[in-house]
Amino acid sequence: MRDTLEIERRYLADPGALPPLPPGTPMEQSYLGFDPVVRVRLQGERAFLTVKGPGLVARREVELEIPVPAARALAELRVEGTAVIRKTRHELPHGGRTWEVDVYLPPLDGLVLVEVELGAADEAPEPPPWAGPEVTEDPRYTNAALARLGTPSVPTAP
């Protein structure tokens, strides 16, 4: 089990500026609840059940690795009307940090988000040249919101 304070910043990617991506890890996420957020994730050959507290930049996250068959069974219980989030996560180094580039598949095809995990909420990392507008404080770009509402049409300023 992992019980941590997750602190991250999220950006829309500038797909035209992205370098060639290294091989990535396929992920499928289903949401079992939203208050708190309860997610089941298949990640490569592993699976996790995660509960996330409130917040956009920093929030408590409790994660438990579970057997893949259990994850598949739980995924079938996702909240009615929500999409399964399918994406491939690629990791790229920049500025001494590892940046995660999430390339979404249908029904979110075309969406590419860039995330970086931080040690403190007030850290201001220098975004890579392939990161576009920051959407950390835009709740429409959380994976939970994407599962419920789909891809936002236009980013808004925080």
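The values are calculated or read from the model by the stated rules, or taken from the named source; none is laboratory data. If you're wondering where the values come from, they're calculated on a predicted model, not measured in any experiment. Because the Cβ atoms are built from the backbone with ideal geometry, glycine has one as well, and the counts that use them run over all protein chains shown. Protein only, heavy atoms only, side chains kept; ligands, DNA and RNA dropped before computing areas. Shrake-Rupley method; radii C 1.70, N 1.55, O 1.52, S 1.80 Å.
Below, the figures for the structure above:
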{"read-out": "Single residue of Pro133, Pro107, Pro127 found to be modelled with pLDDT of 95 or more, of a type outside the set (Asp, Glu) and open to solvent by 70 Å² or more (accessible area, probe 1.4 Å)", "value": "Pro133"}
{"read-out": "Candidate set from the stretch 110-128 (those that are in a strand (DSSP E or B) and of a type in the set (Asp, Glu)); member that is farthest from Asn143 (Cα to Cα)", "value": "Glu117"}
{"read-out": "Qualifying position, being open to solvent by 70 Å² or more (accessible area, probe 1.4 Å), under 18 Å from Glu8 (Cβ atoms) and not β-branched (Val, Ile, Thr), among Gly81, Gly119, Gly96", "value": "Gly96"}
{"read-out": "Any pair with Cβ under 7 angstrom, 6 or more apart, that starts in the stretch 121-147 at a residue that is closer than 21 Å to Thr4 by Cβ and ends at one that is of a type in the set (S, T, N, Q) and crowded, with 18+ Cβ neighbours inside 10 Å", "value": "Asn143/Gln29"}
{"read-out": "Residue in the stretch 47-60 that is open to solvent by 40 Å² or more (accessible area, probe 1.4 Å), touching a helix residue (DSSP H, G or I) at 6+ places or on another chain (Cβ under 9 Å) and part of a strand (DSSP E or B) present", "value": "yes"}
{"read-out": "Counted residues, the stretch 24-40 - those being open to solvent by 20 Å² or more (accessible area, probe 1.4 Å), of a type in the set (D, E, K, R) and closer than 23 Å to Pro54 by Cβ", "value": "1"}
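Conditions (1) crowded, with 17+ Cβ neighbours inside 10 Å; (2) assigned to a strand (DSSP E or B); (3) in contact (Cβ under 8 Å) with a residue 24 or more places away in the chain, marked per residue:
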{"site": "Pro22", "(1), (2), (3)": "no, no, yes"}
{"site": "Leu42", "(1), (2), (3)": "yes, yes, yes"}
{"site": "Thr88", "(1), (2), (3)": "no, yes, yes"}
{"site": "Glu91", "(1), (2), (3)": "no, yes, yes"}
